[in-house]
Amino acid sequence: MNIALIGYGKMGKAIETIAVERGHTVRLKIDISNLDQFTTANLQQCDVAIEFTGPDTAAENITRCLNASVPVVCGSTGWLHQLETVTQLCKEVDGALLYASNFSIGVNLFFELNEYLARLMNNYPGYDVSIEEMHHTQKKDAPSGTAISIADQLLKINLHKEKWVNREAASPEELSIISKRIDPAAGTHSVKYSSAIDDIEIIHTAHNRQGFATGAVLAAEFIQHKKGIYGMKDVLGLSK
């Protein structure tokens, strides 16, 4: 499989390493220094594009890939206010898009556990739930896309919470997300249920970028030759 890497920072380089180990070729590598090579002709020499840039450029990059008829895997976060527009374009051009706030297999299993625990805890209003996430200081968005995904899961299930806030909750209806930026943290997410009697907490801690990179390459392998809109649940066979 020929891969286009849109974004060639630390994550892009980690993805390249895994892709080559799995027998693929990174045919196109785009970063801020060679944007002139980010052309339809160059994209069309690739089977799949993997996009890891940032909130300001992700939607435009995805659009360019879709218009070039190249399936695209996106791991950038902080741009989801444009997701509806991008998914509509994907449908119009009969393209393929796979977005995930986190490609780690462990994190996606954590998502499943988070949903299950939330359903259990919904019957016990004496526990208040909160989220904490910690990343390295170079991370551009806060809260993390993963933390927002966790919060969205909880808001769909928890009958007592109405919205998430990126601070300590000021009322029982608010779901608190506390964001910390400390080097060299690769990423830690925790969900805590606290009561006057005890606490229940689930935690996922990434030790390096390898898990994210491996998941992104698995997603690229999955979406090749497909049409439609997918997520990591589809890649890992967790869709219900």
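Readers should treat all values here as calculations from the given coordinates under stated rules, not as data from a laboratory. Since this is a predicted model, take the numbers as computed values, not measurements. Positions of Cβ are generated from backbone atoms using ideal geometry, with glycine treated the same way; all protein chains shown enter the neighbour counts.
The angle separating the long axis of helix 83-92 from the principal Cα axis of greatest extent in the chain is about 40 degrees. About its Cα centre, the range 105-205 has a charge dipole of approximately 260 debye under the convention of +1 per Lys or Arg Cβ and -1 per Asp or Glu Cβ, with nothing else charged. Since only Val217, Val20, Pro172 are under comparison, the one whose Cα sits farthest along the positive direction of the charge dipole of the chain, derived from C-beta charges on Lys, Arg, Asp and Glu, is Val20. Partners of Lys192 within straight-line reach, counting aspartates and glutamates whose Cα lies under 17 Å from its Cα and excluding those fewer than 8 residues away in the same chain: Glu112, Glu115, Asp128, Glu132, Glu133, Asp152, Glu168, Glu173, Glu174, Glu201. Compute the angle between helix 105-121 and the longest alpha-carbon principal axis of the chain, please, reported from 0 to 90 degrees and rounded to the nearest 10. So the helix axis and the longest Cα principal axis differ by about 30 degrees.
The range 173-194 and the range 131-155 have their alpha-carbon centroids 7 Å apart.
I'd like to compare 44-50, 112-118: which one has the highest average count of other Cβ atoms within 10 Å, and what's the full order after that?
On the way: 44-50: 20.7, 112-118: 16.0.
Going from most to least packed, we get 44-50, 112-118.
Simple rule: put +1 on each Lys or Arg Cβ and -1 on each Asp or Glu Cβ in the range 105-205, find the dipole, and look at Ile202, Thr188, Leu159; the Cα lying farthest toward the positive end is Thr188. Remark: spin-label model distance Asp199-Lys227 equals 5.1 nm, labels positioned 7 Å along the Cα→Cβ axis. When only the Cβ of Lys, Arg, Asp and Glu is charged (+1, +1, -1, -1), the dipole of the chain relative to its Cα centre reaches about 440 debye. Ordering Met11, Met232 from the fewest to the most neighbouring beta carbons within 10 Å gives Met11, Met232. Over the Cα atoms of the range 105-205, the radius of gyration divided by the Kirkwood radius equals 0.95; this is the Rg/Rh ratio.
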